[in-house]
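The values are calculated or read from the model by the stated rules, or taken from the named source; none is laboratory data. Just so it is clear, the model here is predicted, and its values are computed rather than measured. Don't worry about glycine lacking a Cβ; one is built from the backbone with ideal geometry, like all the others, and counts go over all protein chains shown.
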Amino acid sequence: MFRFKQFTVHHDRCAMKVGTDGVLLGTWTDLTEAETILDIGSGTGLIALICAQRAPWAKEIVGVEYEQNAFEQSCENVADSPWNDRLKIVHQRIQDFAKEHEASFDCIVSNPPFFKTGNQAPVKERGQARHADDLTHDDLLGCASRLLKSNGNFNVILPTLEGWELIEEAKAWGLFAGKVTEVKGRAHKPVERLLIRLEKTEKPLLKDELVVYAPEGYTPEFTALAKDFYLKL
């Protein structure tokens, strides 16, 4: 399990464990005016739980998870949280969910499958979580475009190459990058991840950088994001 300041996430039955990517996306996403929030591929429920803590004004937070073990464990994590009255996990393919909930959400978040090619993980469930075979990025963008309200935002975290490719692919679905944060593990290292905010209105791109680690520990920038969650901050 992974203990946060206000909730605990059990992840022993989930292919993808609690990690920095999920914490980054959940804490970075702009929830200022979000009353309805959707987490696509919710896994352990981590990002949905972070959103629930950060946005007490949100009336509904929905996680959609298709893998059976992850769905069951995320339901348990949500049930044990302080926000179980506002959180719901749905066991369904996002492609099917999108057919039933057009333009329903102010904010959508997703830590989606990363890789389009390459060797699959030896465990089937981990392979599904990491590789975009069952949920292609085109499918993801199409579902997000359908589910997002006109003034909403869709937020993802991806490796650098896949992130820039997603930004280009999103234009065909009427989604445009409003903000991109380039994430580095350490200042002298290359960019490892992109935090991406997509919107339905094209605007000048805001671009900045976030470094996670300094020689003495976490950087002030990462600490500002994670201090309400990590026990050691």
If we keep only residues of the range 1-22 that are modelled with pLDDT of 95 or more and within 22 Å of Leu141 (Cα to Cα), then the residue surrounded by the fewest Cβ atoms within 10 Å (Cβ to Cβ) is Asp21
Residue set Val64, Val78; condition buried (at least 22 other Cβ atoms within 10 Å of the Cβ), within 12 Å of the chain's Cα centre (by Cα) and over 18 Å from Ala226 (Cβ atoms); output residue Val64
A careful count of residues in the range 55-89 that are charged (D, E, K, R) and within 20 Å of Leu148 (Cα to Cα) gives 5
Exactly one of Glu182, Glu221, Glu162 is without any contact (Cβ under 8 Å) to a residue 24 or more places away in the chain and of a type in the set (Asp, Glu), and that residue is Glu221
Over the range 175-233, the set of residues surrounded by 14 or more Cβ atoms within 10 Å (Cβ to Cβ), in a helix (DSSP H, G or I) and not β-branched (Val, Ile, Thr) is Glu221, Phe222, Leu225, Ala226
Of the conditions (1) touching a Leu at 6+ places or on another chain (Cβ under 8 Å); (2) surrounded by fewer than 20 Cβ atoms within 10 Å (Cβ to Cβ); (3) more than 16 Å from Phe229 (Cβ to Cβ); (4) not aliphatic (A, V, I, L, M), the single one that Trp83 does not satisfy is (3)
Every listed condition ((1) within 21 Å of Phe2 (Cα to Cα); (2) touching a residue at least 40 places away in the same chain (Cβ under 8 Å)) holds for Tyr66 save (1)
Condition set of a type outside the set (D, E, K, R) and not in a loop (DSSP other than H, G, I, E, B), scope the range 165-174, selection farthest from Val109 (Cα to Cα): answer is Ala172
